Amino acid sequence: MKPKLAVFKFASCDGCQLSLLDAEDHLLAVAGALDIAFFPEATSRMRAGPYDVALVEGSITTAHDAERIRAVRRDAKCLITIGACATAGGIQSLKNWADHTDFIRAVYATPEYIATLATSTPIADHVHVDFELRGCPINQYQLIEVIQSLLAGRRPRTPSHSVCIDCKRRGTVCVLVARGEPCLGPVTQAGCGAICPAYDRGCYACFGPAAQANLAGLTARLASDGMRPGRIAQSLRTFNGYAPAFREESDRLADGRDRVDEVRR
């Protein structure tokens, strides 16, 4: 029998699931080797678990979702998180540095009807995760590689080097050195093909921190180029801002900014 695949959505924009659907011919090849039992984004036919593989998009932002992800984990032999929301809390984790009730009051006419946690957290904060695939959105070919690896019984071959390596491979001039543009490429995991630097724009860290990223070294360079600590902290607090490496460095910089402001006052 074919392995049963399920795809689940939590707090997210659906972009990572759409990346899978956009894989087209590659997806058809994978679909032929899998039994897609649960995928609300693609089909109305839903079948209960257990599942051999569960792909999970989105972060945990409600008590109900915290319960639901535990149920998914019980039903899945292998659980793979896909995208920045599932692996690092996503852009919605910005509320983790603020009072989430202020956001609720600003957005909803009747905030008393909204039940949400004070934080947006990655799936791995709640259950065991077998493999994480980063990106905002994910690289569809990396996802196909992960699925094919599972079918073949081998470990997925996904990059852990920084975006800078990809810039050098495609002959892109460094925007940080040559143009003085703030760029997070030196500390960001590859996966996008270094798109932004190829268009003379700094990297936005869509794929989260690279392995052994030297955050302190890069932020010191950005500060020497004239960026204020608070602005550098903001640049780290985007799609993957709650990833531990980015979170710790942005907190350090934000604390430094606050101390400077106190001295000025």
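Which of rounded, prolate, oblate describes the range 1-72, given a ≥ b ≥ c as roots of the alpha-carbon gyration tensor eigenvalues and a/c under 1.5 marking rounded, otherwise prolate only if a/b is larger than b/c? Oblate is the answer for the range 1-72, as a/c is 1.5 or above yet b/c matches or exceeds a/b.
Summarised as an ellipsoid, the range 85-218 has semi-axes of 31, 23, 12 Å, derived from the eigenvalues of the Cα gyration tensor scaled by 5 and square-rooted, with the largest first. May I ask for the angle, rounded to the nearest 10°, between helix 63-75 and the longest principal axis of the chain, with both axes built from Cα atoms and the value confined to 0 to 90°? Helix 63-75 and the main axis of the chain meet at about 50 degrees.
In summary, the convex hull built on the alpha carbon positions of the range 4-152 has an orientation-averaged projected area of 9.0 nm². Relative to one another, the C-alpha centroids of the range 82-135 and the range 16-60 are positioned 23 Å apart. Across all directions, the average projected area of the convex hull around the alpha carbons of the chain is 16.7 nm². Quick one: net charge of Q17's neighbours, Cβ under 13 Å, K/R +1, D/E -1? Within the 13 Å Cβ shell, the charges total -3. For the chain, the longest principal axis of the C-alpha atoms and the axis of helix 244-264 are separated by about 30°. Report the net charge of residues surrounding N139, where surrounding means a beta-carbon distance below 12 angstrom and charges are Lys +1, Arg +1, Asp -1, Glu -1. My count for the surroundings of N139 gives -2.
In summary, the range 163-264 shows an alpha-carbon radius of gyration equal to 1.06 times the 2.2 N^0.38 Å reference for compact globular proteins.
Just so you know, all these numbers are worked out from the coordinates, no wet-lab data involved. Nothing here was measured: the structure is a model prediction, and the numbers come from that model. Positions of Cβ are backbone-derived with ideal geometry, glycine not excepted, and every protein chain shown enters the neighbour counts.
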